[in-house]
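Enquirer: Take a look at this one; I'll ask things after.
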Amino acid sequence: MGESLAEILDGAAAGRFPAPDGRTTVVEAPSGRDWGVIAFTAHSVVFTDEDPAWVRATLASPDCDALAATMHPRFLNALLERTGRTTDTIDLLTVASALPGDPPLELREITDPVHPRVVSARRRRDGVRMWAADGGVLVLGRGVAGRWEVAVELEEGARHRGLGRALATAARHLVPEGEPLWSQQAAGNARSIRAFQAAGFRPVGSEALLLVP
């Protein structure tokens, strides 16, 4: 493909996906922090500074459908052991476009640099900012390959009232015009998936990030 990860992501955000040819593209990691695997429909992208020949040989070893190899536990475990990294989960990767105007929700920006949610987000994102609404928070920053990423968190008593959807929608008003906004939801977190899709986020693939310990 000859593209960087940022170019592949920009294309996917615009609906231009890698060809569904059953192949795996190995690209250079965009930074020392951002390593991982993204599986689109019938095409995967591994972003790492490891030897591409090793990646391809290891992908051939799991006894599974070739289309599932990049997310197979044996491949991911081999990649983690070789790199000395860890991972949390395989996420659903979603994206939405920016929206004009102010957020349709009253938000208060939190500027405390040692807030636990801010500290946690800074391990994975740059330029982190955080806003609060009654019962929840949204965190915005530049993540993998410089993409805009959002995460939301609700208090238990604020659930089932549409606040997650409202926060996810508000985040679309906080990114620059023309920029896609990305978010990851754990595949088993159906409540979060429903909230983000109701806010206009579209699923584009699955993602496993390799985290620096």
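What follows draws every value from the coordinates through simple rules; no lab data is involved. All values reported here derive from a predicted model rather than from experimental measurement. Note that we place each Cβ from the backbone using ideal geometry, even for glycine, and neighbour counts take in every protein chain shown.
Enquirer: Per residue of the stretch 90-98, in order, report the coupling 6.51 cos²θ - 1.76 cosθ + 1.60 (Karplus, θ = phi - 60°) as ³J(HN,Hα) in whole Hz, putting x for Gly and Pro.
Expert: Listing the rounded values in order: 8, 9, 7, 9, 10, 8, 9, 8, 5 Hz.
Enquirer: Pop a pseudo-label 7 angstrom from the Cα along the beta-carbon direction at both Leu67 and Arg16 and give the gap in nm to one decimal.
Expert: Between Leu67 and Arg16, the label points sit 2.5 nm apart.
Enquirer: Using Stokes-Einstein with the Kirkwood hydrodynamic radius over Cα pairs, what translational diffusion coefficient do you get for the stretch 51-116 at 10 °C and a viscosity of 1.306 mPa s, in µm²/s rounded to a whole number?
Expert: The Stokes-Einstein estimate is 98 µm²/s.
Enquirer: Is it possible to state the helix-based mean residue ellipticity at 222 nm for the chain, with each DSSP H run of 4+ residues giving -39500 (n - 2.57), the sum divided by total residues, to the nearest 500 deg cm²/dmol? What is it?
Expert: Result for the chain: -7000 deg cm²/dmol, rounded to the nearest 500.
Enquirer: Within the set of other residues whose C-beta is less than 11 Å from the C-beta of Thr58, count the net charge using Lys and Arg as +1 and Asp and Glu as -1.
Expert: Value of the local net charge: 0.
Enquirer: Here's another thing I want to ask about it. Among Leu67, Trp35, His173, which residue has its Cα furthest toward the positive end of the charge dipole of the chain, with +1 on Lys/Arg Cβ and -1 on Asp/Glu Cβ?
Expert: His173
Enquirer: Let me ask another. Compute the distance in nm between two label points, each set 7 Å from the Cα along the Cα-to-Cβ direction, one at Arg108 and one at Leu80.
Expert: Roughly 3.9 nm, to one decimal.
Enquirer: Please say if the stretch 84-153 is rounded, prolate or oblate, where rounded means a/c under 1.5 for a ≥ b ≥ c the square roots of the C-alpha gyration tensor eigenvalues, and otherwise the choice is prolate for a/b larger than b/c and oblate otherwise?
Expert: Because a/c hits 1.5 or more and a/b fails to exceed b/c, the stretch 84-153 counts as oblate.
Enquirer: Please give the direction-averaged projected area of the C-alpha convex hull for the stretch 5-92, in square nanometres with one decimal.
Expert: Averaged projected hull area, Cα only: 5.6 nm².
Enquirer: What's the longest uninterrupted piece of the chain once you rule out the trypsin sites (Lys or Arg not before Pro) that are loop residues per DSSP with at most 10 other Cβ within 10 Å?
Expert: 17-122
Enquirer: Could you give the length gained on full extension between Arg23 and His115, defined as 0.36 nm per residue of separation minus the Cα-Cα distance, in nm?
Expert: Computed gain between Arg23 and His115 is 28.9 nm.
Enquirer: At q = 0.18, 0.24 Å⁻¹, what base-10 log of I(q)/I(0) does the Debye formula yield for the stretch 94-201 when every alpha carbon is treated as an equal point scatterer in vacuo?
Expert: Values returned for q = 0.18, 0.24 Å⁻¹ are -0.85, -1.55.
Enquirer: What net charge do the residues around Val118 carry, taking every other residue with its C-beta under 15 Å from that of Val118, with Lys and Arg at +1 and Asp and Glu at -1?
Expert: Working: positive: Arg108, Arg117, Arg122, Arg123, Arg124, Arg125, Arg129, Arg142; negative: Glu109, Asp112, Asp126, Glu149, Glu153.
Combined, the nearby Lys, Arg, Asp and Glu give +3.
Enquirer: Same structure, new question: Name the longest site-free stretch of the chain, where the excluded sites are GluC sites (Glu not before Pro) in a DSSP loop with no more than 14 other beta-carbon atoms within 10 Å.
Expert: Details: sites that count: Glu3, Glu28, Glu106, Glu155, Glu177.
Between the exposed loop sites, the longest stretch runs 29-105.
Enquirer: In which sequence would Asp34, Asp65 go, from the one with the fewest C-beta neighbours within 10 Å to the one with the most?
Expert: By the 10 Å Cβ count, ascending: Asp65, Asp34.
Enquirer: So if each residue of separation counts as 0.36 nm, and I subtract the Cα-Cα distance between Ala98 and His173, what length gain in nm does that give? The partial results should precede the final answer.
Expert: Details: separation 75, 0.36 × 75 = 27.00 nm, distance 0.60 nm.
Value of the extension gain: 26.4 nm.
Enquirer: Moving on. Subtract the Cα-Cα distance of Leu211 and Glu155 from 0.36 nm times their separation in residues, and report this length gain in nm to one decimal.
Expert: The Leu211-Glu155 span can extend by a further 17.5 nm.
Enquirer: Extent of the chain along each principal axis, from alpha carbon coordinates, in Å, largest to smallest?
Expert: That gives 52, 34, 29 Å along the principal axes, largest extent first.
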